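One structure below.
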């Protein structure tokens, strides 16, 4: 689609000259003789750009610029004037003008400035669309689940999205800790600002300080240019420190200082820089045990653990499994995956599996089933072999058990015992139940 440009000038010859020039360059052009007429045109039609004269009767360019910024922020504005003063240029740019041109204008310069403003406008519109899409995708209401444990998570996300507190998210691998962090960020006033995740366990100890705090050119071998680091680059957004328990000791000390003083000193620099980013951290480690063992700073632990969100493992919210599984099926269907749903048999087998990899494993299992199946409804035979085997169905498809609830519970107990090597305390943790409850169920199902 060709950019649509509104030319606003009280001199008819200027309007005609600009219209001819811009039409030859492939733009659609509409004229207005003053600011009031321009506002009326904007109410009736849509534009990408307005070239506005600074001095006009009835409504001048700066007043029109202010009105358009408020009522039509999607329209970029270039101010045009015969008064080539620095003061008027600065005033126009402060008021929100995209660019500034002086009369008499050079045709080549006008075209260059207009093309640049149109490209910027396209990028800004696309960025707004993407930001809205991301906000919708990661809004806390789109976290899937109805179990009581997840309702507590939703309530905390709702409260914390409006606060600035440092947050520590805890949970096993695959439970969706980053999804929760994104929900906190994109549900609040920082949603239009960057969300910058870093996996502290995946970055080498020698580089993690540079990644977080930045470095100066020549600070170490390979540092060919200066970088600000994530805590500065995020501006007023959010830095998500995944697996924060893996941070090396030197980085822990610098992170503690950054959180306390709200400033960072890049590697190789003597200068400190202020930071405004919010920090959300996550871990699957027992940080209290790490503190006791001397592997994690106690003062940093308390600085990070201002507010804690614990994301439950899938086995503790097993009632959410059908909702989650169907959610992943709907995502695949939206991407053209050719799947329509899940059979009752597939859901039954899924319910008899302990899901040590949690939601990530469930999503992978659904994607596997969709890939190996024949399309349409996913059947029990499409699920990964480990799930069929754990639930009592071997590779040949022979079922163990009668499909009743008792049969599913018995299979889950047997699988937990197998995975724990017969250790009942570990088996109870795998199942998310107390040891006394486990003993009663083992006796009931003759698995002592």
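The values are calculated or read from the model by the stated rules, or taken from the named source; none is laboratory data. Just so it is clear, the model here is predicted, and its values are computed rather than measured. Please note: Cβ atoms are built from the backbone with ideal geometry, for glycine as well, and neighbour counts cover all protein chains shown.
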Practice problem: Identify, from the list 176, 192, the residue that is out of contact with any strand residue (DSSP E or B) (no Cβ under 6 Å at 6 or more places or on another chain) and surrounded by 23 or more Cβ atoms within 10 Å (Cβ to Cβ). | Solution: 176
Quiz item: Is it the case that segment 382-394 has a residue that's in contact with a strand residue (DSSP E or B) (Cβ under 8 Å, 6 or more places away or on another chain) and modelled with pLDDT of 90 or more?
Solution: no
Quiz item: For residue 342, are the conditions met, namely being at pLDDT below 95, in contact with a strand residue (DSSP E or B) (Cβ under 6 Å, 6 or more places away or on another chain) and assigned by TED's automatic domain parsing to the domain that holds residue 363?
Solution: yes
Practice problem: Have a look at 360, 326 and point out the one that is within 26 Å of the chain's Cα centre (by Cα), surrounded by fewer than 18 Cβ atoms within 10 Å (Cβ to Cβ), in a helix (DSSP H, G or I) and modelled with pLDDT of 90 or more. | Solution: 360
Self-check item: Residues within segment 41-54 that are over 10 Å from residue 75 (Cα atoms) and in a helix (DSSP H, G or I), tallied
Solution: 3
Self-check item: Residue among 292, 334 that alone is surrounded by fewer than 19 Cβ atoms within 10 Å (Cβ to Cβ), within 22 Å of residue 182 (Cβ to Cβ) and without any contact (Cβ under 8 Å) to a residue 24 or more places away in the chain
Solution: 334
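Residues are listed down the side, and each one gets a yes or a no for (1) touching a helix residue (DSSP H, G or I) at 6+ places or on another chain (Cβ under 7 Å); (2) surrounded by fewer than 21 Cβ atoms within 10 Å (Cβ to Cβ); (3) over 22 Å from residue 94 (Cβ atoms); (4) assigned by TED's automatic domain parsing to the domain that holds residue 112:
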{"position": "35", "(1), (2), (3), (4)": "yes, no, no, yes"}
{"position": "39", "(1), (2), (3), (4)": "yes, yes, no, yes"}
{"position": "45", "(1), (2), (3), (4)": "no, yes, yes, yes"}
{"position": "72", "(1), (2), (3), (4)": "yes, yes, no, yes"}
Practice problem: Could you grab me the full set of residues in segment 275-307 that are part of a strand (DSSP E or B) and either at pLDDT 95 or above or under 15 Å from residue 239 (Cα atoms) (or both)? | Solution: 278, 279, 280, 281, 282, 283
Practice problem: May I ask you to list the residues in segment 418-448 that are assigned to a loop (DSSP other than H, G, I, E, B) and either touching a residue at least 40 places away in the same chain (Cβ under 8 Å) or over 43 Å from the mean Cα position of the chain (by Cα) (or both)? | Solution: 432, 445, 446, 447, 448
Quiz item: Of the residues that sit in segment 55-73 and are outside any loop (DSSP other than H, G, I, E, B) and within 37 Å of the chain's Cα centre (by Cα), which one is farthest from residue 124 (Cα to Cα)?
Solution: 64
Practice problem: Restricting attention to segment 202-251, report how many residues are under 24 Å from residue 291 (Cβ atoms) and crowded, with 16+ Cβ neighbours inside 10 Å. | Solution: 17
Quiz item: Under 7 Å by Cβ, and 6 or more places apart or on different chains, what pairs join a residue from segment 173-187 that is on the phi > 0 side of the Ramachandran plot with one that is outside any helix (DSSP H, G or I) and crowded, with 22+ Cβ neighbours inside 10 Å?
Solution: 176/311
Quiz prompt | Hits in segment 108-121 (condition: farther than 15 Å from residue 80 by Cα, at pLDDT 80 or above and surrounded by 14 or more Cβ atoms within 10 Å (Cβ to Cβ)) | solution = 115, 116, 118, 120
Quiz item: Under the condition of being within 22 Å of residue 301 (Cβ to Cβ) and part of a helix (DSSP H, G or I), which residue from segment 160-183 is farthest from the chain's Cα centre (by Cα)?
Solution: 160
Practice problem: Scan segment 71-92 residue by residue and report those that are modelled with pLDDT of 85 or more and in contact with a strand residue (DSSP E or B) (Cβ under 9 Å, 6 or more places away or on another chain). | Solution: 72, 75, 76, 77, 78, 79, 80
Quiz item: Does residue 219 meet the test of being in the same structural domain as residue 269 (by TED's automatic domain parsing) and modelled with pLDDT of 80 or more?
Solution: no
